[in-house]
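The values are calculated or read from the model by the stated rules, or taken from the named source; none is laboratory data. Worth saying up front: this structure is predicted, and the values here are computed from it rather than measured. Cβ atoms come from the backbone with ideal geometry, glycine included; neighbour counts cover every protein chain shown. To get the accessible areas, we keep the full protein, side chains included, count just its heavy atoms, and leave off ligands, DNA and RNA. Shrake-Rupley method; radii C 1.70, N 1.55, O 1.52, S 1.80 Å.
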Amino acid sequence: MSVDEQNAVSKPTESPAENSANVQWGGRFAGGPSAIMREINASIGFDKVMWRQDIAGSLAHAAMLKKVGIISTDDEAAIRRGLTEIGAEIESGSFPFDEALEDIHMNIEARLSDRIGEAGKRLHTGRSRNDQVATDFRLWVRDAIDGISGQVEALMRSLATRALEYADTAMPGFTHLQTAQPVTFGHHLLAYVEMLSRDRGRLADARKRLNECPLGSAALAGTSFPIDRQMTAAALGFDRPTANSLDSVSDRDFALEYLSALSIMAMHLSRFAEEIVIWCSSPFSFIRLTDAFTTGSSIMPQKRNPDAAELARAKVGRVLGSMVSLLTVMKGLPLAYAKDMQEDKVPVFEATEAMALTLAACDGMVRDLTANVDQMRKYAGSGFSTATDLADWLVRVLKVPFRTAHHVTGQLVAMAERKGVDLSDLSLAEMQSVEPGITQDLYSVLTVEASIASRVSEGGTAGSNVRREAEGWLERLGKERGHS
């Protein structure tokens with residue numbers, strides 16, 4: 001079929017409704033929609049953020065249509081010029097968005113036809129809004145993953161930098177929020193680097209799975225036009241075209257997987273934010289944040305509230321709610337496309353915005369905080385935190401079974417508790433009254449510093465481990481940054 005024949009096939013039918021609000025629908029709808037229908041049906045208020053992705057998809061589609069001979073070289077050039085000008089209009093804020101045209105896709109297409117005439121009406125040949133929106137949405141989520149991943153990397157770098165700075169700073173390690181054993185502040189910060197690394201890995205996995213191109217699947221069944229889907233997929237940076245046209249237009253699990261990864265990440269950051277709130281509180285006073293990340297009170301002039309951390313802690317509600325929202329929209333929808341799926345974007349947009357802000361706030365707080373080293377050291381030795389070191393000494397030196405050592409240590413802790421002293425304040429005679437084999441050497445393991453230094457097992461809190469891990473992370477993140 002020649003270019004002229006193809007153009008004749010793809011040319012929209014003229015109708016009296018050409019000037020109505022339903023111009024894009026042609027002759028099927030003679031009357032305009034009610035105001036309520038127009039409002040519930042329109043998505044331009046939120047999906048206009050995908051304008052870059054929509055233009056990119058249309059440019060790739062037009063180039064393919066020209067290559068396979070469906071549109072002429074002149075039409076493709078006009079389309080490319082018109083879309084570029086429209087992009088500049090939107091960028092400058094002068095684009096006339098029209099709710100009557102429902103969404104970003106029809107707004108751009110209508111504007112293109114206004115600017116370049118008949119050539120603009122040929123752009124939609126071989127595609128549907130169904131595969132167009134699926135493509136745009138994948139492109140948007142892919143861009144969002146790249147942006148969020150960059151923020152995660154920045155936060156990991158900040159945490160590793162502070163971990164190196166505080167590699168030898170003792171603090172209490174908790175279980176059940178009760179003092180358990182001494183750790184280092186650097187070790188504690190590196191725990192979140194590990195969590196964020198897994199979060200970033202989940203985003204990378206989601207990106208890999210979503211990176212297939214739906215464009216060319218048309219409404220649900222494919223198209224009879226001789227399109228080249230490999231070409232459009234490659235032009236848009238996808239690994240390959242999607243394999244099934246029904247799945248292509250009805251699938252949103254790529255968005256759900258993205259929201260799932262964000263939800264887990266938000267939970268991690270909420271835990272970190274909670275710890276910042278605790279560490280800033282007067283009974284702890286482990287860290288201090290400057291005025292940049294705290295607020296005051298309208299009635300209590302002494303207050304310094306860690307509001308940035310509290311809001312970061314709360315954002316998990318928005319992100320997790322977005323995932324539940326989209327799961328609920330998709331549950332029970334038959335193949336292929338249904339208008340319910342217009343509700344897929346707001347949860348993703350809102351979760352992305354919340355996550356980007358939370359990451360920025362956490363990164364800012366990590367770089368802003370100052371550790372109260374003396375206060376941390378004081379509490380690192382509280383609550384008989386070196387009791388496990390005592391038990392380990394009994395096993396290592398006296399060769400008693402660990403359960404026996406645990407029992408002996410418990411008796412010594414009870415004795416120290418009755419006397420209101422630390423374990424190291426018990427006399428040797430008092431120690432020997434419970435276990436005669438104890439020698440003066442035991443006292444060498446009962447200091448916070450000795451406890452921390454002894455934890456040299458892989459993944460342990462010893463300062464040497466922390467420095468090695470922090471330096472390793474900074475090196476890896478530096479290399480990744482250089483390749484990005």
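The figures follow:
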| item | result |
| --- | --- |
| Hey, Asp392 modelled with pLDDT of 95 or more, under 45 Å from the mean Cα position of the chain (by Cα) and part of a helix (DSSP H, G or I) or not | no |
| Residue among Glu458, Glu449, Glu435, Glu480 that is exposed (fewer than 13 other Cβ atoms within 10 Å of the Cβ) and either outside the structural domain of Met415 (by the TED database) or under 30 Å from His407 (Cβ atoms) (or both) | Glu458 |
| Set Ala100, Ala110, Ala170, Ala134: member being in contact with a strand residue (DSSP E or B) (Cβ under 6 Å, 6 or more places away or on another chain) and touching a residue at least 60 places away in the same chain (Cβ under 8 Å) | Ala170 |
| Matching option when the condition is basic (Lys, Arg) and touching a Lys or Arg at 6+ places or on another chain (Cβ under 9 Å), among Arg396, Arg367, Arg403 | Arg367 |
| Segment 367-416: number of residues that are surrounded by fewer than 19 Cβ atoms within 10 Å (Cβ to Cβ), without any contact (Cβ under 8 Å) to a residue 40 or more places away in the chain and either in contact with a Gly (Cβ under 7 Å, 6 or more places away or on another chain) or not hydrophobic (A, V, I, L, M, F, W, C) (or both) | 11 |
| Complete set of residues in segment 45-62 that are crowded, with 18+ Cβ neighbours inside 10 Å and not polar (S, T, N, Q) | Asp47, Met50, Trp51, Asp54, Ile55, Ala56, Gly57, Leu59, Ala60, His61, Ala62 |
| So Ser385, is it in contact with a Leu (Cβ under 7 Å, 6 or more places away or on another chain), more than 30 Å from Arg157 (Cβ to Cβ) and not β-branched (Val, Ile, Thr) | no |
| Top-ranked residue in segment 268-297 [being farther than 18 Å from His176 by Cβ and of a type in the set (D, E, K, R); ranked as modelled with the highest pLDDT] | Arg288 |
| Ala351, sole failed condition from (1) outside any helix (DSSP H, G or I); (2) farther than 17 Å from Gln181 by Cα | (1) |
| Residue that is most open to solvent (accessible area, probe 1.4 Å), among those in segment 155-178 that are polar (S, T, N, Q) and not in a helix (DSSP H, G or I) | Gln178 |
| Residues (of a type in the set (A, V, I, L, M) and in contact with a Ser or Thr (Cβ under 8 Å, 6 or more places away or on another chain)) located in segment 115-166 | Leu123, Ala134, Ala144, Ile148, Met156 |
| Residue tally, condition open to solvent by less than 10 Å² (accessible area, probe 1.4 Å) and of a type in the set (Gly, Ala, Ser), over segment 237-262 | 3 |
| Residue list for segment 125-138, restricted to those being surrounded by fewer than 24 Cβ atoms within 10 Å (Cβ to Cβ) and in a helix (DSSP H, G or I) | Arg129, Asn130, Phe137 |
| Any hit, segment 461-470, residues being open to solvent by 80 Å² or more (accessible area, probe 1.4 Å), without any contact (Cβ under 8 Å) to a residue 24 or more places away in the chain, part of a helix (DSSP H, G or I) and over 22 Å from Val183 (Cβ atoms) | no |
| Failed item, numbered, when Leu190 is tested on (1) at pLDDT 95 or above; (2) open to solvent by 40 Å² or more (accessible area, probe 1.4 Å) | (2) |
| Boolean, Ala336 is assigned by the TED database to the domain that holds Ala134, small (Gly, Ala, Ser), touching a residue at least 40 places away in the same chain (Cβ under 8 Å) and surrounded by fewer than 23 Cβ atoms within 10 Å (Cβ to Cβ) | yes |
| Hits in segment 96-115 - residues which are in contact with a Lys or Arg (Cβ under 7 Å, 6 or more places away or on another chain) and not aromatic (Phe, Trp, Tyr) | Glu99, Ala100, Ile104, His105, Ser113 |
| Test result for Met195, of a type outside the set (Val, Ile, Thr), in contact (Cβ under 8 Å) with a residue 12 or more places away in the chain and in a helix (DSSP H, G or I) | yes |
| Failed criterion for Val141 (all others in (1) in the same structural domain as Leu190 (by the TED database); (2) more than 29 Å from Val366 (Cβ to Cβ) hold) | (2) |
| Residue count for segment 340-366, restricted to those that are within 20 Å of Val133 (Cα to Cα) and touching a residue at least 60 places away in the same chain (Cβ under 8 Å) | 10 |
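Every residue, every condition in (1) of a type in the set (Phe, Trp, Tyr); (2) more than 30 Å from Glu153 (Cβ to Cβ); (3) open to solvent by 50 Å² or more (accessible area, probe 1.4 Å), yes or no:
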| site | (1), (2), (3) |
| --- | --- |
| Ser285 | no, yes, no |
| Gly296 | no, yes, yes |
| Ala309 | no, no, no |
| Arg313 | no, no, yes |
| Thr328 | no, yes, yes |
| Lys331 | no, yes, yes |
